[in-house]
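Engineer: The following block contains the structure, expressed as structure tokens.
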Amino acid sequence: MKAALIEFQIESATQNIRGYYAGYATTLHYFSREAVCSALSYEDSIWRDRKQQYEPLTFPFNSIPASPISVKTADVIYKAGDQVNEGLLRFGRQEMLLPGSIFRTVLWGELPSLEIGQIFLIGKKRAPARIISLLIEDVVADYESDGIMLPIQLPPQNVMLYGAFAPLVATQRIFILKIPLRPQIERFTIGDYVVPLVQG
């Protein structure tokens, strides 16, 4: 099967809403598998029936979440001063991912067209992102490969199936985590990295 190891850099500020509490909207420092797949299949918006809101999206290729390599953030402050009729938020702060932040992901299966310098849109604010590093290889799944473990994404109900894990991100819909490479877990390597092929 074909797999692609991609590093990309965002070119403008964006956000992945993590939570909004006490007037502060935080952002995830990871992009979910769905965000990566929809961005790289050039679907700017995906219209779905409300009943399908929590059903997983399907794509002709698979992906792991995009992990931060070098991330910069800043807070945007709303309603600082007396201008009460401007802006959407009445008050508060919003954490943003800044231009120049770099992320790494792996795709496999029926890959979309990919090349270094390619631009795609990602994140809540549809920031342009540019592919800065790309490795495409034929890979073979096995139960013995070793290397630098990359995070995976699971729905909350599947997390406990793997016993031991290191949580990185938890939301109502997804967990991004690392699991130990046990002999019963199928995986493949690309470059120096190992991708577990788990169901999620």
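The values are calculated or read from the model by the stated rules, or taken from the named source; none is laboratory data. These numbers were taken from a predicted model, which means no experiment stands behind them. FYI the Cβ positions are ideal-geometry reconstructions off the backbone, even for glycines, and counts take in every protein chain you see.
Engineer: So how many residues does segment 101-134 have that are outside any strand (DSSP E or B) and more than 16 Å from the chain's Cα centre (by Cα)? Can you show your working first?
Structural biologist: Filtering segment 101-134 down to residues outside any strand (DSSP E or B) leaves 101, 110-118, 123-126.
After this cut, where a residue has to be more than 16 Å from the chain's Cα centre (by Cα) as well, the list is 110-118.
Number of matching residues: 9.
Engineer: Within segment 140-171, which residues are crowded, with 17+ Cβ neighbours inside 10 Å and in contact (Cβ under 8 Å) with a residue 60 or more places away in the chain?
Structural biologist: Across segment 140-171, the qualifying residues are L150, P151, I152, Q153, L168, V169.
Engineer: Considering segment 98-139 alone, what residues qualify as being within 26 Å of K72 (Cβ to Cβ) and among the acidic types (D, E)?
Structural biologist: Taking segment 98-139 as the starting set, the residues that turn out to be within 26 Å of K72 (Cβ to Cβ) are 98-107, 114-135.
Passing the criteria: only E115.
Engineer: Can you name every residue in segment 115-139 that is exposed (fewer than 12 other Cβ atoms within 10 Å of the Cβ) and either closer than 16 Å to D192 by Cβ or touching a residue at least 60 places away in the same chain (Cβ under 8 Å) (or both)?
Structural biologist: Within segment 115-139, I119, D138 qualify.
Engineer: Within segment 5-45, take every residue that is part of a loop (DSSP other than H, G, I, E, B), of a type in the set (S, T, Y) and at pLDDT below 85 and give me the one that is surrounded by the most Cβ atoms within 10 Å (Cβ to Cβ). Explain how you work it out, then say what you get.
Structural biologist: Going residue by residue through segment 5-45, those that are part of a loop (DSSP other than H, G, I, E, B) are 11-13, 15-16, 22-23, 28-30, 32, 41-45.
Applying the additional criterion that residues be of a type in the set (S, T, Y) yields 12, 30, 32, 41-42, 45.
Of the ones still in play, those that are also at pLDDT below 85 are 41-42, 45.
On the way: S41: 14, Y42: 10, S45: 7.
Result: S41.
Engineer: Hey, among the residues in segment 172-192 that are crowded, with 18+ Cβ neighbours inside 10 Å and in a strand (DSSP E or B), which one's nearest to the chain's Cα centre (by Cα)? Quick ask: steps written out before the conclusion?
Structural biologist: Just the residues of segment 172-192 that are crowded, with 18+ Cβ neighbours inside 10 Å, to begin with: 174-177, 179, 187-190.
Subsequent filtering for residues that are in a strand (DSSP E or B) retains 175-177, 187-190.
On the way: F175: 11, I176: 9, L177: 12, R187: 19, F188: 19, T189: 19, I190: 18 Å.
If we take residues in segment 172-192 being crowded, with 18+ Cβ neighbours inside 10 Å and in a strand (DSSP E or B), then I176 is nearest to the chain's Cα centre (by Cα).
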